[in-house]
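Some notes on the structure that comes next.
All of the numbers you see were taken from the coordinates with simple rules; none came from a lab. Because the structure is predicted, anything quoted here is derived from the model rather than measured. Virtual Cβ from ideal backbone geometry, glycine too; neighbours counted across all protein chains shown.
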Amino acid sequence: MINKITGKGRKVPTLWLYLGLFLLLMGGIRFAVPLFVFMPSARIERTPAAINLAYEDIFLRTSDNVQLHAWYIPAPDARATLLFFHGNAGNISHRFSSIQIFHDLGLSVFILSYRGYGQSKGRPSINGTKLDALAAWQWLTVEREIPAEKIVVFGRSLGGAVAMELMRSATPGALILESTFSSLADMSPFPAPIAPLLLGGDFWNSVRTARTLTIPVLCIHSRRDEVVPFRQGRRIYEAITSEKTFLEIQGDHNSGFMQSRGIYVAGLDRFLTQHFGER
């Protein structure tokens with residue numbers, strides 16, 4: 001009889017032990033998420049002057065008082081201004097191929113370093129990128145007084161998720177998403193039903209945001225993208241209920257836009273001409 005009571009008594013601490021281990025696992029995963037998501041580089045390797053483009057060094061502050069660094073690269077007789085959100089690795093000094101393409105397409109470019117990247121202060125975080133994006137938007141529309149309808153927001157990879165989060169607070173003239181994932185949960189190795197719980201939330205759910213868009217959207221993706229599956233880009237596109245265009249390119253995640261340069265530039269030009277006029 002004593003043995004039975006003792007046996008039953010052992011179940012309670014065992015249950016608490018499993019619960020504690022589960023909570024510890026969740027805490028560890030949530031702590032580790034930024035380490036896997038963000039891969040910043042602090043060194044600015046060169047400036048737009050290296051490709052003979054005039055530019056301004058811009059320093060701005062977020063609503064939580066973090067100083068950010070950006071470049072504003074004007075184009076003569078620009079047909080619009082591009083707000084550029086880059087991917088998760090490196091910094092703005094690794095985006096010159098894209099900057100040159102957009103500049104040649106008749107766009108002024110405002111490219112932002114997220115907190116913790118390049119010369120921006122602070123540490124990268126999911127919530128921090130939302131504040132960073134909003135600060136960039138406010139700088140363009142308030143400080144520079146650029147009309148919202150003359151701004152096209154562009155995001156590549158993680159930058160597409162950042163751009164989609166900004167769409168909850170801003171309405172630009174158009175949006176371009178390149179190689180963008182459908183949600184952070186979809187990119188995780190965890191089963192769909194429990195992924196948001198383990199990650200601490202349903203972060204960067206671009207499919208959900210896509211259903212609320214009212215502006216023209218261009219989605220760009222490659223079937224050979226080895227980082228963000230093509231099907232995720234299609235999920236975002238199919239969820240959009242506003243005017244939309246899908247441009248399929250070839251090549252891998254990081255250089256597909258250059259491997260498909262002819263198709264890519266022509267597709268961008270058609271979209272921009274339709275919504276912002278000839279360059």
Study note, to complete from the structure: Gln259 and Asp77 label points (each 7 Å along its Cα→Cβ direction) are spaced in nm at 3.7 nm
Review point. Given a Förster radius of 35 Å and the C-beta distance between Arg231 and Glu145 as r, what FRET efficiency does 1/(1 + (r/R0)^6) yield to the nearest 0.05?
Key: 0.30
Check your understanding: Where the only charges are on Cβ atoms (+1 Lys, Arg; -1 Asp, Glu), what is the dipole of segment 101-250 about its Cα centre, to the nearest 20 debye?
Key -> 260 debye
Check your understanding: In terms of modelled amide H atoms, which long-range or inter-chain residues lie less than 5 Å from the amide H of Asn88?
Key -> Leu158, Gly159
Check your understanding: Points 7 angstrom from Cα along the Cβ direction at Gln100 and Arg168: gap in nanometres?
Key -> 3.7 nm
Review point. How high is the FRET efficiency between Thr273 and Asp57 when r is their beta carbon distance and R₀ equals 41 Å, given to the nearest 0.05?
Key: 0.85
Exercise for review: Evaluate the charge dipole of segment 70-155 about its Cα centre and quote only its size in Debye, nearest 20, assuming +1 on the Cβ of each Lys and Arg and -1 on the Cβ of each Asp and Glu.
Suggested key: 340 debye
Exercise for review: Count charges around Thr62 for me, please; just the other residues with Cβ under 11 Å from its Cβ, Lys/Arg as +1, Asp/Glu as -1.
Suggested key: +2
Point to revise | Nonlocal amide H pairs with Phe181, under 5 Å, H built at 1.01 Å | key: Ala161
Practice item. Could you calculate the FRET efficiency of Thr214 with Glu248 from 1/(1 + (r/R0)^6), where r is the beta carbon distance between them and R0 is 22 Å, rounded to 0.05? Key: 0.35
Study note, to complete from the structure: Taking the dipole of segment 113-172 about the Cα centre (Lys, Arg +1; Asp, Glu -1; charges at Cβ), the one of Ala170, Ile126, Gly155 that reaches farthest to the positive side is Ile126
Check your understanding: If we sort 102-112, 54-64, 132-142 on the protection proxy, mean other Cβ atoms within 10 Å, highest first, what's the order?
Key -> 102-112, 132-142, 54-64
**Study point:** Straight-distance crosslink candidates among aspartates and glutamates, where the alpha carbon sits under 17 Å from Lys130 and sequence neighbours closer than 8 are dropped
**Key:** Asp64, Glu165, Asp202
Revision key, fill the gap. Phi-derived 3J(HN,Hα) across segment 153-163 with the Karplus relation (6.51, -1.76, 1.60, θ = phi - 60°), rounded Hz, x for Gly and Pro, is 8, 10, x, 10, 6, 4, x, x, 5, 4, 4
Study note, to complete from the structure: Along segment 132-137, Karplus-curve 3J(HN,Hα) (6.51, -1.76, 1.60; θ = phi - 60°) to the nearest Hz, with x for Gly and Pro, reads 5, 4, 5, 5, 5, 4
Study note, to complete from the structure: Expected vector for segment 256-261, Karplus 3J(HN,Hα) from phi with 6.51, -1.76, 1.60 and θ = phi - 60°, integer Hz, x for Gly and Pro, equals x, 5, 7, 5, 10, 3
